[in-house]
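Okay, so here's the structure we're looking at.
The values are calculated or read from the model by the stated rules, or taken from the named source; none is laboratory data. All values reported here derive from a predicted model rather than from experimental measurement. Virtual Cβ from ideal backbone geometry, glycine too; neighbours counted across all protein chains shown. To get the accessible areas, we keep the full protein, side chains included, count just its heavy atoms, and leave off ligands, DNA and RNA. Shrake-Rupley method; radii C 1.70, N 1.55, O 1.52, S 1.80 Å.
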Amino acid sequence: MDPKVRVENIVASTTIADELDLHEIARVIEDAEYEPEQFPGLVYRISQPKTATLLFKSGKANCTGAKTLEDVRESIKKIAEGLKSVGIKVYASPSIVVQNMVATYDLGRELDLNSIALKLGLENVEYEPEQFPGLVFRIPDLRVVILLFGSGKIVCTGARRAEEIEKAIERVEEELKKIDAL
């Protein structure tokens with residue numbers, strides 16, 4: 001991946017057990033937060049890698065905050081080990097599915113978002129500067145959304161693989177070059 005592309009967050013899901021007793025986990029695990037009146041999931045934070053994982057009664061888990069797939073795997077492994085260490089049954093090697101990757105990239109120059117919005121057309125673009133300072137550019141075949149900012153910085157969200165981030169950034173650069181915005 002282009003070294004200027006920075007993955008900021010990966011959200012991944014897994015099923016860690018058949019069922020979890022969230023009250024028990026909150027009682028025995030120091031880094032667990034559970035407030036069922038606020039949210040039905042338990043938040044299990046670890047510091048290395050720095051992630052938060054939501055655990056649900058169903059045994060499902062959502063890990064967020066990781067910057068690499070290895071961090072996701074390491075987080076799930078540490079959480080499983082933590083649960084096992086207090087006698088909670090978990091799966092040996094749960095499969096992990098990436099749900100969303102968020103990455104940033106700098107195009108290296110300022111952008112005229114008003115001009116870009118007009119030239120790219122309304123089909124895949126939303127730009128309402130009174131509501132949000134960025135231009136929202138959807139890339140339907142990649143299921144990726146790019147946020148373009150006047151500073152030239154972009155945020156890519158919705159990707160499930162690093163290759164989708166790369167393709168989305170390439171596509172945005174191509175589109176911007178076509179309309180002489182880059």
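General remarks:
- Scanning the stretch 85-126 for residues that are open to solvent by less than 70 Å² (accessible area, probe 1.4 Å), in contact with a helix residue (DSSP H, G or I) (Cβ under 9 Å, 6 or more places away or on another chain) and assigned to a loop (DSSP other than H, G, I, E, B) gives Val86, Gly87, Ile88, Val90, Pro94, Leu107, Leu111, Asn124.
- Just so you know, in the stretch 1-60 the residues that are more than 15 Å from the chain's Cα centre (by Cα) and among the hydroxyl-bearing types (Ser, Thr, Tyr) include one that is surrounded by the fewest Cβ atoms within 10 Å (Cβ to Cβ), and it is Ser47.
- Lys67 over 19 Å from Val90 (Cα atoms), modelled with pLDDT of 95 or more and basic (Lys, Arg): yes
- Scope the stretch 127-143; condition surrounded by 15 or more Cβ atoms within 10 Å (Cβ to Cβ) and either aromatic (Phe, Trp, Tyr) or modelled with pLDDT of 95 or more (or both); matching residues: Tyr127, Gly134, Leu135, Val136, Phe137
- Sole exception among (1) open to solvent by 60 Å² or more (accessible area, probe 1.4 Å); (2) in contact with a strand residue (DSSP E or B) (Cβ under 9 Å, 6 or more places away or on another chain); (3) polar (S, T, N, Q) for Thr157, by number: (1)
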